[in-house]
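Working notes for the structure below.
Taken together, the values in this text are just the output of simple stated rules run on the coordinates, not laboratory data. Being a predicted model, the structure only gives us computed values, none of them experimental. With ideal geometry, Cβ positions are generated from the backbone for all residues, glycine too; neighbour counts draw on all protein chains shown.
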Amino acid sequence: MRLIQAHQLRLYPTPAQEKFFRRTAGCCRVVWNLALEQRQTYGRRGRTISFKAQASELKDLRREVEWLAEAPSHCLQQTMRDLDKAFARFFSGQADFPRFKSKHRGEDSFRFPDPGRFEVSPDFVDLPKVGKVSMRAHRPVQGQVRNITVSRDGDHWYASICVSLRRRVRQAPTGTAVGLDLGVAQPIVQSDGTVQDLPRVTPEEMRRKARLQKSLARKKKGSRNRAKARQALARFEARLRRRRQDGLHKATAVIARS
């Protein structure tokens, strides 16, 4: 059976590489917003514009705006393709209307869609215009690499490596089914009475989060201090989120293998 699998691995970029990541993510965000605005303008006039038409205009845009040329062109094209897919999901009723992307909302991310332009090894990933970025591979990346998405979570950078591979689907050890009750007091309770606990936020962590939120609210909008406070809150929330995701993965693995 052919499967599509993603490996999310931690990256350790140099300061120059991290600056390039942030700049590329910003370029992709600008291209997304411009392409979305163009589609809305065409829509108000009762017209449509395709991905191919917008992609062909990207060449002229990169010549007019010099800093857009610093980002890999195929990353910018992939951003337009993602927008095209977002509209397809909207018209099919699977998603809401695409939204503009904000620098202060959401995560920085961009995708390298061409597997012939990058290299993946256990210790690094070699990306166009970036070079070799140190990487920690906790498991071997098997299969045919399809694309790589670079994203930021708090102050950590990750590479999500999408691969295609053939794998035999393993049968459940017992062949029986189990019901799950998801709650607050007890996060996961199985129908046989087994309780799968998850990492919880401690009272001290709740108080610290409240202090960080209060600090952010008191900072002047648009100031550097507000940006620093926002980053501190994002780092703290990212750490809690990663801990909870780790607990979820461990709990679901125990359930699936039992």
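For the chain, what does the helix formula give at 222 nm: sum of -39500 (n - 2.57) over DSSP H segments with n ≥ 4, over the residue count, nearest 500 deg cm²/dmol? Don't jump to the answer; show the numbers that get you there.
Numbers: 5 runs with 113 residues, N = 258.
Helix-only estimate at 222 nm: -15500 deg cm²/dmol.
Can you tell me the FRET efficiency between ARG44 and ARG235 if r is taken as the Cβ-Cβ distance and R0 is 35 Å, rounded to the nearest 0.05? Kindly include the intermediate steps, with their values, before the conclusion.
On the way: r = 41 Å, r/R0 = 1.17.
My answer for the efficiency is 0.30.
Counting pairs of alpha carbon atoms under 8 Å apart in space and at least six apart in sequence, what relative contact order in percent does the stretch 192-258 give? Don't jump to the answer; show the numbers that get you there.
Details: 26 pairs, mean separation 29.4, N = 67.
Dividing the mean separation by the residue count of the stretch 192-258 yields 44 percent.
What is the extension gain from THR176 to THR202, computed as 0.36 nm multiplied by their sequence separation minus the C-alpha to C-alpha distance, in nm to one decimal?
On the way: separation 26, 0.36 × 26 = 9.36 nm, distance 3.59 nm.
So the chain would gain 5.8 nm between THR176 and THR202.
Relative to the longest principal axis of the chain, what angle (0 to 90°, nearest 10) does the C-alpha long axis of helix 203-218 take?
Taking the Cα atoms of the chain, the angle to 203-218 is about 20 degrees.
Can you report the principal axis dimensions of the stretch 180-257 using only the alpha carbons, biggest first, rounded to whole angstrom?
54, 21, 16
If you take the Cα Rg of the stretch 131-229 and divide it by 2.2 N^0.38 Å, with N the number of residues, what do you get? If you can, show how the numbers build up before the last one.
On the way: Rg = 21.8 Å, N = 99, 2.2 N^0.38 = 12.6 Å.
For the stretch 131-229, the normalised Cα radius of gyration is 1.73.
Name the residue, out of TYR12, TYR42, TYR158, whose mean-square fluctuation peaks in a Gaussian network model built on the chain with Cα pairs under 10 Å.
So, out of TYR12, TYR42, TYR158, the one fluctuating most is TYR42.
Most exposed first by the Cβ proxy, i.e. fewest other Cβ within 10 Å, how do LEU127, LEU216 rank?
Working: LEU127 25, LEU216 18.
Least to most surrounded, the residues fall as LEU216, LEU127.
If you average the C-alpha positions of the stretch 1-73 and of the stretch 136-162 separately, how far apart do those two centres end up, in angstrom?
Value for the Cα centre distance between the two parts: 19 Å.
Would you kindly derive the ³J(HN,Hα) couplings of the stretch 99-110 from the backbone phi angles with the Karplus curve 6.51 cos²θ - 1.76 cosθ + 1.60 (θ = phi - 60°), listing them in order in whole Hz, with x for Gly and Pro?
10, 5, 9, 10, 5, 9, 10, x, 10, 6, 7, 7
Do me a favour and compute the ellipsoid semi-axes for the chain from its Cα gyration tensor, root of five times each eigenvalue, largest one first, whole Å. Intermediate results must be reported in sequence, preceding the final value.
Values: eigenvalues 240, 140, 94 Å².
Those come to 35, 26, 22 Å.
Would you please put 34-40, 139-145 in order of how densely packed they are, using the mean number of other Cβ atoms within 10 angstrom per residue and starting with the highest?
Values: 34-40: 17.1, 139-145: 13.3.
My ranking of the peptides, most packed first, is 34-40, 139-145.
So between GLU66 and VAL189, what do we pick up on full extension, going 0.36 nm a residue minus the alpha carbon distance? Mind dumping the intermediate values first?
Working: separation 123, 0.36 × 123 = 44.28 nm, distance 5.62 nm.
Using 0.36 nm per residue and subtracting the Cα-Cα distance, I get 38.7 nm.
Going by how many other Cβ atoms sit within 10 Å of their own, how do TRP67, TRP32 line up, fewest first?
Values: TRP67 11, TRP32 20.
In order of increasing Cβ crowding within 10 Å: TRP67, TRP32.
Considering only Cα-Cα distances, which of the following residue pairs are longer than 31 Å: LYS59/LYS103; LYS101/LYS250; LYS59/LYS220; LYS19/LYS220; LYS52/LYS101; LYS59/LYS132? Present the calculation step by step, with values, prior to reporting the outcome.
Details: LYS59/LYS103 24 Å; LYS101/LYS250 33 Å; LYS59/LYS220 39 Å; LYS19/LYS220 25 Å; LYS52/LYS101 22 Å; LYS59/LYS132 27 Å.
Long pairs (Cα-Cα over 31 Å): LYS101/LYS250; LYS59/LYS220.
Express in nm, to one decimal, how much length is gained between LYS52 and ARG166 on full extension, taking 0.36 nm for each residue of separation and deducting their alpha carbon distance.
Numbers: separation 114, 0.36 × 114 = 41.04 nm, distance 3.24 nm.
Taking 0.36 nm per residue and subtracting the Cα distance, the gain is 37.8 nm.
Quick one: dipole size for the stretch 2-166, taken about the Cα centre, charges +1 on Lys/Arg Cβ and -1 on Asp/Glu Cβ, in debye to the nearest 20. Walk me through the intermediate numbers first.
Numbers: 30 positive and 18 negative charges, 89 e Å.
In total the dipole reaches around 420 debye.
For the chain, calculate the relative contact order in percent as a whole number, restricting contacts to Cα pairs under 8 Å that are 6 or more residues apart. Please report the intermediate quantities before stating the final value.
Values: 311 pairs, mean separation 55.1, N = 258.
Rounded, it is 21 percent for the chain.
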